[in-house]
Every structure is written in structure tokens, then in C-alpha cells.
Amino acid sequence: MRRFMRRTSLVVALLVSLAAVVTLVASPGGASSHHHGDNHVVNIPDTDKFVPFHLTINAGDTVTWVNSDTDKHSVVSDDAFNDAGHNGLVHIILGTDDNNGQNGTFTLEFDHPGTFVYYCMFHAKLDTDNQPIAPGPDGGIQDNNGNFGTPMSGVITVVDNQNQNEQ
């Protein structure tokens, strides 16, 4: 009977220890906390803007731009302000007219903290201070009233997820 009790106690002690280790690893503040990366969405509706304009995400997260407009749009990095990677990026996202009626999408992963400033090359150009402005008669899309609209731009702030978990 004592041998049975010792074995049972040993099995219970092992199960409790295993449960404690699993809980530690799975908890956000645990020693082995690992961010698997969330996906965030920036919508491009037919009103020619990025929604939301600003996102704060964790390092390791992805952002997917979803173009539900009929027109093409683009994600162009404003390298004068970027330190989150993807410098030199120029990517066109098809609109539904050029994509068999389907939304165009584009996804980027952000691996380290910093800022990613971007704009749509069809709806903005950069001035001498690297600020997005309406493209004017030299480019861009003009409406029937001659308006080139508000420049499309956006900002993604990437934070260090380890520091955020410690707060």
C-alpha cells in the first residue's frame, strides 16, 4: 500500500509540475512568451483613403491592405521617415475592375520596431519635405470637377512586443 501511495504521489507531483510548466510557457508574461504575429487590415474603400490612417502593431505582425475600390491603388514607402523596413517599396494593389470583381490584397510582415510611412502613388506625390501632397496635373486621378483630391497616405507604428508584454 505504501508503494502504491508513493507512486500515486509521484505521478500527481509530475502532473502538477507539467501543468505549471505548460502554464508558464503559454502565459503572456511567462519566460517563454513568443509573439506569433497578428494580422491587421487596412481597407481601401471607394473614397480613396487608407482606413485606418494609423495602426500600431507588434513586431512580427502582418498588415494586409484590402482594395475594395474599382481603381488600382498602391503602397509606396516614404523612405525619408521609415525605419521599420520595406524601404524602396512600390506595390500596386489591383482594384475590382482589374481583378475579376475580387478585392485586391497585399500583405507585409513587420519584423522590427519602427515607423512605416506610406502613400498611394496614384493619389499623392512627395513634396520637397517628403510630405504627401495631391499629385496635380502631372499625375494622379482627377475627378470631373478638376479636383485631384486629398492625398492618400498612412502610418504604421511597429512596437517591440517583448517590451509591451512586460508593461
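The values are calculated or read from the model by the stated rules, or taken from the named source; none is laboratory data. Bear in mind the structure is a predicted one, so any value in this text is a computation, not a measurement. All Cβ positions, even for glycine, are placed from backbone atoms using ideal geometry, and neighbour counts span all protein chains on display.
Details
- When PHE81, PHE106, PHE116, PHE122 are checked against the criterion of being in contact with an Asp or Glu (Cβ under 8 Å, 6 or more places away or on another chain) and either part of a loop (DSSP other than H, G, I, E, B) or touching a residue at least 12 places away in the same chain (Cβ under 8 Å) (or both), a single residue qualifies: PHE122.
- Selection status of GLN164, at pLDDT 75 or above and surrounded by 13 or more Cβ atoms within 10 Å (Cβ to Cβ): no
- HIS91 being exposed (fewer than 12 other Cβ atoms within 10 Å of the Cβ) and either more than 13 Å from THR115 (Cβ to Cβ) or not charged (D, E, K, R) (or both): no
- Selection count, the range 43-73, where residues are in contact with a strand residue (DSSP E or B) (Cβ under 7 Å, 6 or more places away or on another chain) and surrounded by 15 or more Cβ atoms within 10 Å (Cβ to Cβ): 15
- Scanning the range 50-69 for residues that are touching a Pro at 6+ places or on another chain (Cβ under 8 Å) and among the aliphatic types (A, V, I, L, M) turns up VAL51, ALA59.
- Of the residues making up the range 84-103, those that are of a type outside the set (Ser, Thr, Tyr), at negative phi and not in a strand (DSSP E or B) are ALA84, ASN87, LEU89, LEU94, GLY95, ASP97, ASP98, ASN99, GLN102, ASN103.
- Test: residue in the range 74-86 that is charged (D, E, K, R), farther than 25 Å from ASN58 by Cβ and over 12 Å from the mean Cα position of the chain (by Cα): no
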